[in-house]
Amino acid sequence: MRVAVIGTGYVGLVTGVVLADMGNDVICVDNDPSKVEKLRNGISPIYEPGIEEMIRRNLNDQSIRFEASIADATQASEIVFIAVGTPPGEDGTPDLTAVRAVAREIGKAIDKYTVVVNKSTVPVGSGDLVENIIAEQGVSKELFDVVSNPEFLREGSAIHDTLEPDRIVIGAKKREAANKLVELYAPLEKPMYITDLNSAELIKYASNSFLAMKISFINAISRLCEACGANVSDVAKGMGADKRIGPLFLQAGLGWGGSCFPKDVEGLIKVAEGLGYDFELLKATQEINTTQTLHFLGRVEKRLGGLQGKKIGMLGLAFKPNTDDIRDAKSLVLIEEILNKGGSVHAYDPVAQENVEKVYPQIQYADHVFDVAEGADAIILVTEWNEFKQLDLEKLGSKMKNRILFDGRRVYSRASMEKAGFEYYTIGQAQ
Ligand code: UGA
């Protein structure tokens with residue numbers, strides 16, 4: 001099928017490349033000429049394992065093109081995906097400026113029947129908004145349909161998640177429009193759920209908010225574990241064995257970050273507010289997430305007798321492994337607090353260092369993981385990169401002022417840490 005994808009962020013680029021790989025004829029559009037140029041040369045503007053190989057393969061096969069014109073791409077395609085950013089506005093409500101602008105451009109260009117698909121995470125009612133904007137450009141309602149097809153991919157495993165989704169959600173007013181997407185996704189052989197527009201839009205917000213709530217729940221339990229001498233991993237395993245609960249997203253840690261959970265939890269609170277409902281459960285979910293990080297740093301502070309003049313080694317900066325994304329990363333909260341309290345930070349991350357350096361040029365960055373240990377009063381593990389899991393603990397400890405490690409993601413075993421002479425503190429377990 002002939003497909004256009006507007007926006008080459010995580011969602012747009014991965015969707016476009018995977019659809020091209022499935023044998024479709026894809027045009028990816030971005031209004032940033034430098035991005036388009038890079039992509040034409042097979043260079044990805046985002047860090048995502050496997051994406052560049054896939055871009056180059058499809059460029060070679062001529063199944064993907066990168067362009068700047070929404071009009072040309074719309075006229076060349078039967079299905080047009082809108083996959084532009086919807087960042088939180090000042091009051092937390094998703095900012096739909098980019099979606100509106102793209103819808104206008106698409107509307108101006110439509111010259112034959114086109115299915116316009118909202119893939120960006122948008123508040124309930126946005127399908128109607130896009131439909132109205134396109135109609136306002138003088139397009140007759142017989143010439144287009146708007147479909148909501150929310151994306152559930154995770155950064156770091158985006159290609160796998162797009163090829164192997166648990167489900168595909170398609171929201172539409174007319175069955176014929178939904179069927180266009182059923183046909184497009186048929187080769188994936190995955191369950192498809194066809195709903196009305198509003199339900200599809202709500203499924204996305206409800207899913208992300210539920211997952212964030214699940215993490216906040218186990219993080220709240222982790223505090224009880226610390227207080228009563230229980231072990232949060234054992235509690236999570238015991239809970240997760242119940243099929244009604246499930247084992248995933250019960251990993252206690254410093255809290256959730258990234259470009260999606262914070263924005264979507266806040267977004268759903270606002271959507272609910274607009275509909276006259278005070279979503280207190282989600283407000284508590286946010287509150288637990290904020291205090292979890294500060295509570296953890298409080299333990300560091302207590303052990304070190306304050307942070308004034310203390311040198312903290314930091315392992316990991318990205319909001320999670322396998323990405324260079326630092327949006328709402330817990331590392332940023334920790335750096336800010338440590339600096340405010342008179343401490344210094346020496347940090348290492350395999351790919352996210354450059355991004356943090358733009359925000360915090362005043363901290364030290366390591367060329368190698370072991371450098372963070374140099375003269376450190378303590379080390380905090382913030383992101384569970386694989387390369388941190390089998391570290392030579394003896395080598396790490398030998399460079400430190402004190403062998404003290406605070407594990408924000410429960411990566412290490414207490415036994416191996418203590419064997420290497422470390423004082424070991426982790427989330428969800430008393431010292
Ligand atoms: C999330 C959802 O998982 C995707 O389904 C969704 O498509 C995406 O948002 C989106 O809306 O675009 P992502 O933000 O890439 O994906 O990352 P996750 O792997 O879900 O992790 C989110 C945060 O939760 C990270 O900070 C991670 O460290 C934290 N987390 C995750 C935990 O603290 N514990 C867990 O058990 C799982």
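The values are calculated or read from the model by the stated rules, or taken from the named source; none is laboratory data. Predicted model only: the values in this text are computed from it and were never measured. Reconstructed Cβ throughout: ideal geometry from the backbone, glycine too, with neighbour counts over all protein chains shown. These area figures cover heavy atoms from the full protein model, side chains too; ligands, DNA and RNA do not enter into them. Shrake-Rupley method; radii C 1.70, N 1.55, O 1.52, S 1.80 Å.
Evaluate the following for ILE363: is it among the aliphatic types (A, V, I, L, M), touching a Lys or Arg at 6+ places or on another chain (Cβ under 8 Å) and either at pLDDT below 95 or in the same structural domain as ASP324 (by TED's automatic domain parsing) (or both)? Considered against the rule, which asks whether it is among the aliphatic types (A, V, I, L, M), touching a Lys or Arg at 6+ places or on another chain (Cβ under 8 Å) and either at pLDDT below 95 or in the same structural domain as ASP324 (by TED's automatic domain parsing) (or both), ILE363 comes out as no. It is to be established whether one or more residues within the stretch 313-324 are of a type in the set (D, E, K, R) and free of Cβ contacts under 8 Å to residues at least 24 places away in the same chain. Looking for residues that are of a type in the set (D, E, K, R) and free of Cβ contacts under 8 Å to residues at least 24 places away in the same chain, one finds none in the stretch 313-324, hence no.
Report yes if ILE221 is touching a residue at least 12 places away in the same chain (Cβ under 8 Å) and out of contact with any His (no Cβ under 6 Å at 6 or more places or on another chain), otherwise no. Considered against the rule, which asks whether it is touching a residue at least 12 places away in the same chain (Cβ under 8 Å) and out of contact with any His (no Cβ under 6 Å at 6 or more places or on another chain), ILE221 comes out as yes.
Set side by side, the residues LYS204, LYS190 differ, and just one is under 26 Å from GLY258 (Cβ atoms), assigned by TED's automatic domain parsing to the domain that holds PHE296 and touching an Asp or Glu at 6+ places or on another chain (Cβ under 8 Å), which is LYS204. Restricting the stretch 119-151 to residues that are hydrophobic (A, V, I, L, M, F, W, C) and modelled with pLDDT under 95 leaves a set whose member that is surrounded by the most Cβ atoms within 10 Å (Cβ to Cβ) is VAL122. Within the stretch 241-273, which residues are more than 7 Å from the ligand (Cβ to nearest atom) and of a type in the set (D, E, K, R)? Answer for the stretch 241-273, where residues must be more than 7 Å from the ligand (Cβ to nearest atom) and of a type in the set (D, E, K, R): ASP242, LYS243, ARG244, LYS263, GLU266, LYS270, GLU273. Between LEU248, LEU254, the distinction of being among the aliphatic types (A, V, I, L, M) and in contact with a Lys or Arg (Cβ under 7 Å, 6 or more places away or on another chain) belongs to LEU254 only. Considering only the stretch 274-285, state which residues are under 18 Å from THR93 (Cβ atoms) and surrounded by fewer than 19 Cβ atoms within 10 Å (Cβ to Cβ). Hits for the stretch 274-285 are GLY274, LEU275, GLY276, TYR277, ASP278, PHE279, LYS283. Residues in the stretch 4-26 that are more than 16 Å from the ligand (Cβ to nearest atom) and under 18 Å from VAL99 (Cα atoms): ALA4, ILE6. Taken residue by residue, the stretch 149-172 has no member that is away from the ligand (no atom under 16 Å from the Cβ) and of a type in the set (S, T, N, Q).
Of the residues making up the stretch 357-388, those that are within 16 Å of the ligand (Cβ to nearest atom) and out of contact with any Asp or Glu (no Cβ under 7 Å at 6 or more places or on another chain) are ILE380, VAL382, GLU384, TRP385, ASN386, PHE388. Only residues that are assigned to a loop (DSSP other than H, G, I, E, B) and of a type in the set (Ser, Thr, Tyr) were counted across the stretch 258-291, and they come to 2. Among the residues of the stretch 208-240 satisfying the criterion of being within 10 Å of the ligand (Cβ to nearest atom) and aliphatic (A, V, I, L, M), which is surrounded by the fewest Cβ atoms within 10 Å (Cβ to Cβ)? Ranking the candidates gives LEU211 first. Would you mind finding the one in ALA135, ALA186, ALA200, ALA177 that is assigned to a helix (DSSP H, G or I) and more than 23 Å from SER77 (Cα to Cα)? Result of the check over ALA135, ALA186, ALA200, ALA177: ALA200.
What are the pairs with Cβ atoms under 8 angstrom where one residue, in the stretch 179-190, is among the aromatic types (Phe, Trp, Tyr) and the other, located anywhere, is part of a helix (DSSP H, G or I) and open to solvent by less than 20 Å² (accessible area, probe 1.4 Å)? Sequence gap at least six, or different chains. Sorted first by the residue in the stretch 179-190, then by its partner, the list stays empty.
Condition check: surrounded by 17 or more Cβ atoms within 10 Å (Cβ to Cβ) and over 22 Å from the mean Cα position of the chain (by Cα). Does ILE55 satisfy that? Against the criterion (surrounded by 17 or more Cβ atoms within 10 Å (Cβ to Cβ) and over 22 Å from the mean Cα position of the chain (by Cα)), ILE55 does not qualify. Please go through the stretch 346-373 and give me each residue that is over 28 Å from PRO45 (Cα atoms) and in contact with a Phe, Trp or Tyr (Cβ under 8 Å, 6 or more places away or on another chain), ordered by number. Answer for the stretch 346-373, where residues must be over 28 Å from PRO45 (Cα atoms) and in contact with a Phe, Trp or Tyr (Cβ under 8 Å, 6 or more places away or on another chain): ASP371, VAL372. The helices (runs of 4 or more DSSP H) found wholly in the stretch 329-422 and carrying at least 3 residues that are charged (D, E, K, R) and open to solvent by 50 Å² or more (accessible area, probe 1.4 Å) occupy 353-359, 393-399, 414-419. Counting the residues of the stretch 299-324 that are of a type in the set (S, T, N, Q) and either crowded, with 21+ Cβ neighbours inside 10 Å or not assigned by TED's automatic domain parsing to the domain that holds HIS368 (or both) gives 1.
Annotation: of all residues in the stretch 297-326 being over 18 Å from LYS389 (Cβ atoms) and modelled with pLDDT under 95, the one that is nearest to the ligand (Cβ to nearest atom) is ASP325.
Test TYR205 against the stated conditions and say whether it is of a type in the set (Ser, Thr, Tyr) and out of contact with any Lys or Arg (no Cβ under 8 Å at 6 or more places or on another chain). Yes.
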